[in-house]
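Worksheet: the structure to be examined is printed underneath.
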Amino acid sequence: MSKPHKRRNIKRSSGAVSPKTLAVTTLAVLGIVGLLVLLSSAAYKNPPKPTPTHFPAPVLTVATLAEDVNKERVQAGEAALVEDPKLEASAAAKCADMEAKNYYAHNTPSGEEPWKFIIGADESFLTAGENLAAGYDSSQGVVAAWMASPGHRANILNSSFTNVGYAICKDYGTYHDVVVQHFTKPQ
């Protein structure tokens with residue numbers, strides 16, 4: 001027959017933790033860790049929205065084209081061009097014709113030159129010019145491309161030209177936006 005065990009009092013040193021206290025502490029720590037994991041996964045699924053950058057959106061307008069072209073002229077020592085409503089009408093007519101006849105060129109599919117549109121807008125001139133651009137989303141891009149092209153650059157910096165008109169054909173087929181620029185030296 002076995003003897004019953006006697007309960008002994010065990011002295012604990014200071015700082016010792018009872019098993020019950022250890023279990024409660026462990027559960028509390030695991031609960032906090034679990035809560036942190038849950039919160040971090042929620043933040044991962046719904047990350048904070050980034051703050052917007054302050055880069056300006058590309059702008060392609062008649063006003064910005066006129067401003068950018070005149071900057072180039074003034075830098076080259078030429079007078080700024082004057083916006084002419086008749087040339088704006090001729091450039092718009094050229095845009096409409098290119099859209100209606102599905103072409104992108106200085107001459108129409110039937111061989112008519114761009115001066116047809118300037119004359120059609122009742123503009124009398126001594127000399128005239130036309131620049132076209134396609135596929136750009138900003139005035140700066142258009143003007144940079146024109147200035148990199150000898151023929152277009154010559155038109156922009158031509159001291160004979162005093163008047164200008166612009167039109168933008170928005171969403172023009174595969175080209176997206178097409179720009180027409182007409183120049184004259186009126187009579």
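In terms of the mean number of neighbouring beta-carbon atoms within 10 Å, the peptides 99-106, 63-70 order highest first as 63-70, 99-106. Tally Lys/Arg at +1 and Asp/Glu at -1 over every other residue whose Cβ is under 9 Å from the Cβ of Tyr166; what's the total? Surrounding charge for Tyr166 is -2. In terms of its C-alpha gyration tensor, the stretch 100-187 comes out oblate, because a/c is 1.5 or above while a/b does not outweigh b/c.
Each value in this text was obtained by applying a stated rule to the coordinates, not by laboratory testing. This is a predicted model, so every value here is computed, not measured. With ideal geometry, Cβ positions are generated from the backbone for all residues, glycine too; neighbour counts draw on all protein chains shown.
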